Amino acid sequence: AREGIRGMNTVWFLITTIIGGAILGGIAQLLIPGRATIPVWATILAGVIGMFVGSLVYYEIFGVQKGFNGNWENTTRGIDWWRHAWQVGAAMIAVGATSRVLGTRRR
């Protein structure tokens, strides 16, 4: 039964990471001046990268926890807005870099 719970946690982690990456990638696209035009899959991937990098940098700078342990731990009792701000910033960088490689920019 324990392996089933661990497997379910992995599935839930992947689902929330993909959904969170899609949201962050979309927000990053909206915030980048000149809007990047990249495929949806690249937007999601850039959002996932932003999610990981933003969280890791945030945790490292503020010493919240000792590295990533497979769980996105909140640093507050409610929504962790500061961590999400770092994630959006990292996603903007990832979307911008991806648009330079894959896409074109509209003005």
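The values are calculated or read from the model by the stated rules, or taken from the named source; none is laboratory data. Note that this is a predicted model, so its numbers are computed, not measured. Every residue, glycine as well, gets a Cβ built from its backbone with ideal geometry; the counts of neighbours run over all protein chains shown.
Odds and ends about this structure:
- Among the residues of the range 66-86, those that are among the hydrophobic types (A, V, I, L, M, F, W, C) and either surrounded by 12 or more Cβ atoms within 10 Å (Cβ to Cβ) or modelled with pLDDT of 90 or more (or both) comprise Phe68, Trp72, Trp82, Ala85, Trp86.
- Filtered residues of the range 12-65 (kept if among the β-branched types (Val, Ile, Thr), in a loop (DSSP other than H, G, I, E, B) and surrounded by fewer than 13 Cβ atoms within 10 Å (Cβ to Cβ)): none
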